[in-house]
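What follows is a set of notes on a single structure, which appears directly below.
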Amino acid sequence: MNTPNREWIKFMREQYPVGSRIRLTEMNDPYSKLTPGSEGTLMHIDDIGTFHVNWDCGSTLGLVIGEDRFSVLPSQTKELKLYMPLTAELFERNAWGDLEDDPINLYGEDLRGYEYQITAALLRERMPEEKERGLMHWYDEKDSVEQKVRSAVFTVEERDRKLWGVAECQVVGELTLGEMITLKEYISGQASDGWGEGFEQREIKVGDGAELYVHLWNGDSSWSIQTEEECFGQKQQMGGMTLG
């Protein structure tokens, strides 16, 4: 077997990240106890292109393209949530039915009663192009983040008696620290100058004809985007760091 070049190895690693599920079709090893249909989890692809697999039966025998036949099953995704403070302006109607000139500033604890209206508005704002991948449809880098983060959408969630903006991401495998930083920067940009900029200009009708304008991002120095562990101290396997 010829040794694969670096570009091919890099391509294979991007296409089949650690954690991918493998199913054996045929193995060119008469001494192997693995049988067709055996499944396992990819541990890594080495520099000569061998797929090292942790088989469900306990074996760790590697697979060689060109000698063994196998398939890579559709990847299982895990949910990663990134939380950000939510703010809004509420314009109420005066006694003559006109909107007041000066809004009431609302924060996370004030917005809990508007969870349904905000969620519905976020759903309405999604474009047809975002049906499968959400915000990741607009991600224009061909890198490992594009490969691992299958989708990301904005929603809201009540935690600790506050309503938070949330980017719900479906992720294959584990994000490295660098990948987490890249993802946070991208989501922050969408919250401020991209998707969120259009959303915050759309009025949300609430009770008595009042109008609510919601911000996923704000310029306050306390604004940040955090994982569940960072924000609430709960166990979160993805890791990451805070971007303020």
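The values are calculated or read from the model by the stated rules, or taken from the named source; none is laboratory data. What you see is a predicted model; the values in this text were computed from it and never measured. Cβ atoms come from the backbone with ideal geometry, glycine included; neighbour counts cover every protein chain shown.
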LEU177 versus (1) surrounded by fewer than 13 Cβ atoms within 10 Å (Cβ to Cβ); (2) of a type in the set (A, V, I, L, M); (3) closer than 23 Å to GLU200 by Cβ: which is the lone unmet condition? (3)
Return a yes/no flag: does the range 91-98 have any residue that is modelled with pLDDT under 90 and either in contact with a Gly (Cβ under 9 Å, 6 or more places away or on another chain) or not in a loop (DSSP other than H, G, I, E, B) (or both). yes
Does VAL149 qualify as being surrounded by 13 or more Cβ atoms within 10 Å (Cβ to Cβ) and at pLDDT 95 or above? no
Top-ranked residue of the range 43-71 - restricted to ones that are out of contact with any Lys or Arg (no Cβ under 7 Å at 6 or more places or on another chain) and of a type in the set (A, V, I, L, M), ranked as nearest to ILE9 (Cα to Cα): ILE48
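Hand me the list of helices (runs of 4 or more DSSP H) wholly inside the range 172-239 holding 2 or more residues that are of a type in the set (Asp, Glu) and in contact with a Gly (Cβ under 9 Å, 6 or more places away or on another chain). Please lay out each step first, then the result.
Working: elements: 177-192, 195-199, 228-232.
Here the list reads 228-232.
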Index of the failed condition, LEU163 passing every other in (1) touching a residue at least 40 places away in the same chain (Cβ under 8 Å); (2) hydrophobic (A, V, I, L, M, F, W, C); (3) within 26 Å of LEU73 (Cβ to Cβ); (4) out of contact with any Ser or Thr (no Cβ under 7 Å at 6 or more places or on another chain): (3)
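Here's the yes/no breakdown for (1) over 27 Å from ASN105 (Cβ atoms); (2) of a type in the set (A, V, I, L, M):
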position: GLU141; (1), (2): yes, no
position: ARG161; (1), (2): no, no
position: VAL166; (1), (2): no, yes
position: GLY178; (1), (2): yes, no
position: LYS184; (1), (2): no, no
position: GLU197; (1), (2): no, no
position: ASN218; (1), (2): no, no
position: SER222; (1), (2): no, no
Within the range 47-78, the residues that are under 28 Å from GLN170 (Cβ atoms) and assigned to a loop (DSSP other than H, G, I, E, B) are ASP56, LEU73, PRO74, SER75, GLN76
Test GLU185 against the criterion of being surrounded by fewer than 16 Cβ atoms within 10 Å (Cβ to Cβ) and in contact with a helix residue (DSSP H, G or I) (Cβ under 6 Å, 6 or more places away or on another chain), and give yes or no. no
Starting from the range 199-225, take each residue that is assigned by TED's automatic domain parsing to the domain that holds ILE187 and buried (at least 17 other Cβ atoms within 10 Å of the Cβ) and list its partners that are assigned to a helix (DSSP H, G or I) and of a type in the set (Asp, Glu), counting only C-beta distances under 7 angstrom and pairs at least six apart or across chains. PHE199/GLU125
Checking LEU82 against (1) closer than 23 Å to GLU179 by Cβ; (2) surrounded by fewer than 19 Cβ atoms within 10 Å (Cβ to Cβ), the condition it does not meet: (2)
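Rundown of residues vs (1) hydrophobic (A, V, I, L, M, F, W, C); (2) without any contact (Cβ under 8 Å) to a residue 40 or more places away in the chain; (3) more than 30 Å from GLU157 (Cα to Cα), yes/no style:
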residue: TYR16; (1), (2), (3): no, no, yes
residue: LEU24; (1), (2), (3): yes, no, yes
residue: PRO30; (1), (2), (3): no, yes, yes
residue: LYS33; (1), (2), (3): no, yes, yes
residue: SER59; (1), (2), (3): no, yes, yes
residue: GLU79; (1), (2), (3): no, no, no
The conditions are (1) surrounded by 18 or more Cβ atoms within 10 Å (Cβ to Cβ); (2) under 30 Å from SER221 (Cβ atoms), and GLU100 fails exactly one of them. Which is it? (1)
Please enumerate the residues belonging to the range 31-48 that are of a type outside the set (D, E, K, R), surrounded by 12 or more Cβ atoms within 10 Å (Cβ to Cβ) and closer than 22 Å to PRO74 by Cβ. LEU34, SER38, GLY40, THR41, LEU42, MET43, HIS44, ILE45
